[in-house]
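Input: a single structure, listed below in C-alpha cells.
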Amino acid sequence: MNLDLDLHTINIAPSTSSVSAVPNEKDISAPGTYTLDAAPGTDIYASPLPPVRYVFSAPIVSRRILKAAFRSAKVGVRARWSLQFDQGGLVFIVPDPATNIVSTLNANANASTCTNTGTAQTQDLDPYSSPASSWVKAGIEVNDGKPYVSVVTKSRDGWCDWSLVPMPISVSSTAGGMSSSSSSSSQITLRMTRSKNALMIWMINDNDEATLIRKVPWVFLDLELDNHNHHHRQHESTSTHEAEAEAEVMVGIYAARPDPDNEATGNLAVSFQGFSVDVDVDGCHL
C-alpha cells in the first residue's frame with residue numbers, strides 16, 4: 001500500500017521555513033512533489049560530548065505510520081547546494097518511547113504555522129523532537145565544497161554517526177562540480193527499505209538500479225527481538241508484544257542549512273520529487 005495521505009509538518013513557520021506541496025489531483029495515491037525552504041541555522045544533529053548539543057529545527061514533511069508496517073520510502077532530491085552542510089533528503093524518526101504520541105499530536109497550543117497548497121497538517125511533535133528520540137537521515141549534503149550522498153544516524157544513547165558516499169559520476173558531471181564561489185544543482189534518488197532488524201539505505205541511478213550505501217541494524221531490532229521472544233513464550237501475557245506492534249514512527253523528507261560559518265544570505269530551497277511511503281495494509285493512521 002502506497003501512502004500519500006495524512007501529512008504532518010514539523011518546524012515550519014513563515015518567518016523561518018516553509019513548504020509548498022503540488023499534489024496530483026487526478027490520483028490521490030500518487031506520490032507528491034514538494035519544496036522545502038530551510039532557514040540558516042536549521043539542522044537535525046546531536047552530540048553527547050560536553051557541551052551536549054541536540055538540534056531538531058529542520059523543516060520536515062512526514063507521514064505517521066506503524067513502525068511494524070513500514071516497507072519502504074523513496075524520493076528524488078534536488079537543490080542549489082552551495083554552503084557547508086547544506087542538506088536534504090529522507091528522514092526516519094523513532095519517537096521518545098516515554099511520550100504518548102497520540103495525545104501529543106492533538107494537544108499543542110504552540111504549534112507552528114505552515115504555508116502549503118497540499119494536505120499537510122501542522123503539528124509540534126514533542127516525542128519526535130525529544131533528545132530521547134532516535135532517527136536516520138539520508139540525502140545530499142555538502143562537505144568541503146562538494147555534494148555527497150550522506151547518511152547520519154542517531155541512536156537513543158545520544159551519539160550521531162556520519163557516512164559520506166561520492167555522488168554518482170553521471171550526476172556529478174552534469175552538475176559541473178562546486179566551488180566556493182558557485183553553487184551546484186545536484187540531484188539523486190534515495191530509497192529506505194526494511195530488512196528484518198535493519199533499515200537499508202539505497203542510492204538509485206537513472207536506470208532504476210539500486211546500490212546499497214548503508215545498513216542501520218538497530219532500527220527494527222526491538223520488533224525482531226519481540227517477535228522472537230513472543231514466539232517462544234506464547235503462554236505469557238501479550239501486552240508487551242502488542243505495545244511493540246503498535247509503536248509509531250514518522251517517515252518523511254527534510255531540508256536543513258546549518259550554516260556553521262554564518263555565510264548564508266537566504267534560505268536553502270530543496271525540491272523533492274516522487275516522495276512515497278509503502279506500508280503493509282492497515283499500517284497507516286489517517
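The values are calculated or read from the model by the stated rules, or taken from the named source; none is laboratory data. Because the structure is a prediction, the values reported are computed rather than measured. In this analysis, Cβ positions are derived from the backbone assuming ideal geometry, glycine residues included, and neighbour counts consider all displayed protein chains.
Side notes on the structure shown:
- Residue satisfying condition, being of a type in the set (Ser, Thr, Tyr), closer than 30 Å to Ala210 by Cα, at pLDDT below 95 and assigned to a strand (DSSP E or B), within set Tyr54, Tyr45, Tyr128: Tyr45
- Checked against the criteria, Ala243 does not count as crowded, with 16+ Cβ neighbours inside 10 Å, among the aliphatic types (A, V, I, L, M) and either modelled with pLDDT under 95 or on the phi > 0 side of the Ramachandran plot (or both).
- For Ser103, the test of being modelled with pLDDT of 95 or more, surrounded by fewer than 20 Cβ atoms within 10 Å (Cβ to Cβ) and not in a loop (DSSP other than H, G, I, E, B) is failed.
- Number of residues in the range 135-186 that are modelled with pLDDT of 90 or more and not hydroxyl-bearing (Ser, Thr, Tyr): the value is 23.
- Selection count, the range 125-171, where residues are within 20 Å of Met203 (Cα to Cα), among the small types (Gly, Ala, Ser) and more than 13 Å from the chain's Cα centre (by Cα): 2
- Considered as a group, the residues in the range 46-85 that are more than 15 Å from Glu248 (Cα to Cα) and touching a Cys at 6+ places or on another chain (Cβ under 8 Å) include one that is surrounded by the most Cβ atoms within 10 Å (Cβ to Cβ), and that residue is Ala46.
- Residue check, Val77 under 27 Å from Leu164 (Cβ atoms), at pLDDT below 85 and in a strand (DSSP E or B): no
- The single condition among (1) modelled with pLDDT of 75 or more; (2) out of contact with any strand residue (DSSP E or B) (no Cβ under 8 Å at 6 or more places or on another chain) that Ser237 does not satisfy is (1).
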